[in-house]
Amino acid sequence: MAMAEPRARIPETAAPARPIYEIERLSKTYANNRLVALQDVHLTLRKGEFVSVVGSSGCGKSTLLKIMSGLLPPTRGRVVLDGRPVTGPRPDIGMMFQQATLLPWKTTIENIVLPIEIREGRAAAKAALPRAQALLSLVGLGDFARVFPGELSGGMAQRASICRMLISEPAVLLLDEPFSALDELTRDFMNMELQRICAEQEATAFLVTHSLAEAVILSDRVLVMKPRPGRVVEEIVIDLPRPRTLEMINTPKFGQIVGHIRDLLGKEAHQ
Amino acid sequence: MTDTPDSRDTVWVEHEALIDRVPRWVAMLALAVVVVAIWDLATARMGWVSPIILPSPGETLEDLIFVGKNLLTGGYMLEALWTTTRTVFWAFLLATGIGFSLGVLVGETKFGERAVMPYLVAIDTMPKVAFAPLFIAWLGFDIASKVALAAFIATFPIVVSTAAGLYSASENERMLFKAMGASRLQTLMRLKLPNGLPHIFTGLKIAAVGVMAGAITGEFLGGGRGFGALIRQSASQMDTPRVFALILYLSLLGLALFFTVAWLQKRLVFWNKANQPIGAA
Ligand SMILES: Nc1ncnc2c1ncn2[C@@H]1O[C@H](COP(=O)(O)OP(=O)(O)O)[C@@H](O)[C@H]1O
Ligand SMILES: [Mg+2]
């Protein structure tokens, strides 16, 4: 697969890109304040950055993502995207979940323009079809536009849902374990696709995962979360060169980074 | 397998059962032949059963032909069938309209779920046929009272299946629509309704059966000019072969309604092969 020219993504050395997402003192409690899902989370995403969050199951990763996307109101704190506070779902926020969730009664391409149809109506959706077709080609589904999702494999369905996320040209991509339902081979491939797409679209991405290797291979920074109460305890800058390749997984340096994160998580788990 | 030269060549293969290799229409025809043969034996040949209780196949066939001729030549029976058809048609339409509206109210609003549904469940547990005298008293002996009874019986399955259909959208799908900023109406029209169609059609099929039962019951109890009245009349004259023949023709009406609904379902719910969530690995 041809790799796109990597763009500069060196937030530390070059002039730092401008912050696009700012989250301050974010807290969320569930069940009438008895369950603290998130406590005092601070984080900043800069334009074009790829940041991942790892942490054990139930530590509040999905909650964080839902608040960032405006699907869930925070109990306390501020979420600001592009200078405007997030108070609900917004077209400049792209979301992707573990399940592709394509509507089976619409063709693949109709599914992809669905966000446009909902926000701007059928005429706008129709006008967006060529753009949807281009996106499908971008993810290698150019020939599957008129096919119903029932005929797509799990990996193809997830690629289609990437297109649906990109059709609104979001400023940030929020990804909640997008490939964890896929088999390992498909998953590796999808991760490389995701890297390429993010590079081509100059996207800012925030990925939730429980796979350390996936987080390290894709990210500029990895945030480590600790449960009860959910909070970010550590930030690791991944200074592997770009573009990343699957071969890097076998290098000692990669192993070191993953080991370091695993130690951090393990230490938390034993507390 | 006896001419296999070497036993090591023998592989374990699956043998299709005989019944799997017989085409369906052959199996159906075979069963019909057997049943009619036993029927014939018990009535015409051996006289085990009195003709008043069970006419022979020959007598039934004669009456089938007689009624068929009357229907084809536009006789009084065709008029009766037409009356019943109209009753069934209007009742089904009415039940669909009311049932669907109530189903949306119950499935989409808290008020409907909490305040309306308990009453519907309470009414649904009543023997609805018992309301027939009331409908006749209110609406008279014309088809209106039969339409009302049939619609009354058929409404409830549509309410329940519509509400269940609206509930059936998954958490992921709801979240997707929320993330796209969809309004409540958009979520209803573009997600919950299409997603609920398989459920709704299940309710419509049950209603198609119920509407037939309701219409005929109404005609039994309320007289009038329908097929039900003809059946009752023949039965009171102990004309059992005629009753059999009339019921067979009546069942064609029920089948026509049922298969119209099934056909519509196939057209509208084309995507629902096994009702599997798409993209789930
Ligand atoms: N709607 C909810 N109501 C109550 N508790 C919830 C809700 N959603 C999540 N939680 C709880 O909040 C915690 C964090 O959940 P979540 O954000 O889904 O974790 P993760 O995605 O990291 O696995 C868990 O303990 C979970 O049980
Ligand atoms: Mg989660």
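Structural remarks
- Hey, B:SER56 closer than 14 Å to B:PHE244 by Cβ, open to solvent by less than 80 Å² (accessible area, probe 1.4 Å) and of a type in the set (S, T, N, Q) or not: yes
- Assessment of the range A:29-52 against the conditions (within 14 Å of chain B (Cβ to nearest Cβ), open to solvent by 30 Å² or more (accessible area, probe 1.4 Å) and within 16 Å of ligand 2 (Cβ to nearest atom)) yields no matching residue.
- Scanning the range A:186-208 for residues that are aliphatic (A, V, I, L, M) and either more than 16 Å from ligand 1 (Cβ to nearest atom) or within 14 Å of chain B (Cβ to nearest Cβ) (or both) returns A:MET190, A:MET192, A:LEU194, A:ILE197, A:ALA199, A:ALA203, A:ALA205.
- Residue ID - most open to solvent (accessible area, probe 1.4 Å), chosen from residues in the range A:221-264 that are in contact with a Gly (Cβ under 9 Å, 6 or more places away or on another chain) and part of a loop (DSSP other than H, G, I, E, B): A:ARG228
- Residue that is surrounded by the most Cβ atoms within 10 Å (Cβ to Cβ) [pool: residues in the range B:66-80 that are of a type outside the set (D, E, K, R) and without any contact (Cβ under 8 Å) to a residue 12 or more places away in the chain]: B:ASN70
- In the range A:140-149 there is at least one residue matching the filter, namely being within 26 Å of A:LEU182 (Cβ to Cβ), within 14 Å of chain B (Cβ to nearest Cβ) and open to solvent by less than 10 Å² (accessible area, probe 1.4 Å).
Here's the yes/no breakdown for (1) open to solvent by 60 Å² or more (accessible area, probe 1.4 Å); (2) in contact with a Gly (Cβ under 7 Å, 6 or more places away or on another chain); (3) within 14 Å of chain A (Cβ to nearest Cβ):
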residue	(1), (2), (3)
B:LYS205	no, no, no
B:LEU230	no, no, no
B:SER234	no, no, no
B:PHE244	yes, no, no
B:GLY254	no, no, no
B:GLN265	no, no, yes
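- Residue list for the range A:67-87, restricted to those being within 16 Å of ligand 2 (Cβ to nearest atom) and either among the hydroxyl-bearing types (Ser, Thr, Tyr) or open to solvent by 60 Å² or more (accessible area, probe 1.4 Å) (or both): A:SER69
- For the range A:57-96, the candidate set comprises residues that are out of contact with any His (no Cβ under 8 Å at 6 or more places or on another chain), away from chain B (no Cβ under 14 Å) and in a loop (DSSP other than H, G, I, E, B); within that set, the residue that is farthest from ligand 1 (Cβ to nearest atom) is A:GLY83.
- Test for A:ASP183: is it among the acidic types (Asp, Glu), under 25 Å from A:ILE118 (Cα atoms) and either within 11 Å of chain B (Cβ to nearest Cβ) or in contact (Cβ under 8 Å) with a residue 60 or more places away in the chain (or both): no
- Condition met for A:ILE217 (at pLDDT 90 or above, farther than 29 Å from A:MET165 by Cα, β-branched (Val, Ile, Thr) and open to solvent by less than 50 Å² (accessible area, probe 1.4 Å)): no
- A single entry from B:ALA91, B:ALA44, B:ALA80, B:ALA95 fulfils the requirement of being farther than 30 Å from B:PHE152 by Cα, assigned to a helix (DSSP H, G or I) and not β-branched (Val, Ile, Thr): B:ALA44.
- Pick from the range A:181-210, criterion part of a loop (DSSP other than H, G, I, E, B) and open to solvent by less than 30 Å² (accessible area, probe 1.4 Å), ranking: nearest to ligand 2 (Cβ to nearest atom): A:THR209
- If the condition is being in contact (Cβ under 8 Å) with a residue 40 or more places away in the chain and surrounded by fewer than 18 Cβ atoms within 10 Å (Cβ to Cβ), then the range B:114-163 contributes B:VAL129, B:PRO133, B:PHE141, B:ASP142.
- Exclusive hit being out of contact with any Cys (no Cβ under 8 Å at 6 or more places or on another chain), closer than 26 Å to B:SER234 by Cα and polar (S, T, N, Q), set B:SER101, B:SER50: B:SER50
- Residues located in the range A:97-122, provided they are within 16 Å of A:PHE148 (Cα to Cα) and more than 9 Å from chain B (Cβ to nearest Cβ): A:THR107, A:THR108, A:ILE109, A:GLU110, A:ASN111, A:ILE112, A:VAL113
- A:SER57 meets all of the listed conditions (1) in contact with a helix residue (DSSP H, G or I) (Cβ under 9 Å, 6 or more places away or on another chain); (2) touching a residue at least 40 places away in the same chain (Cβ under 8 Å) but one, namely (1).
- Condition broken by A:ARG131, with the remaining ones in (1) within 11 Å of another protein chain (Cβ to nearest Cβ); (2) in a helix (DSSP H, G or I) satisfied: (1)
The values are calculated or read from the model by the stated rules, or taken from the named source; none is laboratory data. Everything numeric here is computed off the predicted structure, so don't read it as measured data. Every residue, glycine as well, gets a Cβ built from its backbone with ideal geometry; the counts of neighbours run over all protein chains shown. Protein only, heavy atoms only, side chains kept; ligands, DNA and RNA dropped before computing areas. Shrake-Rupley method; radii C 1.70, N 1.55, O 1.52, S 1.80 Å.
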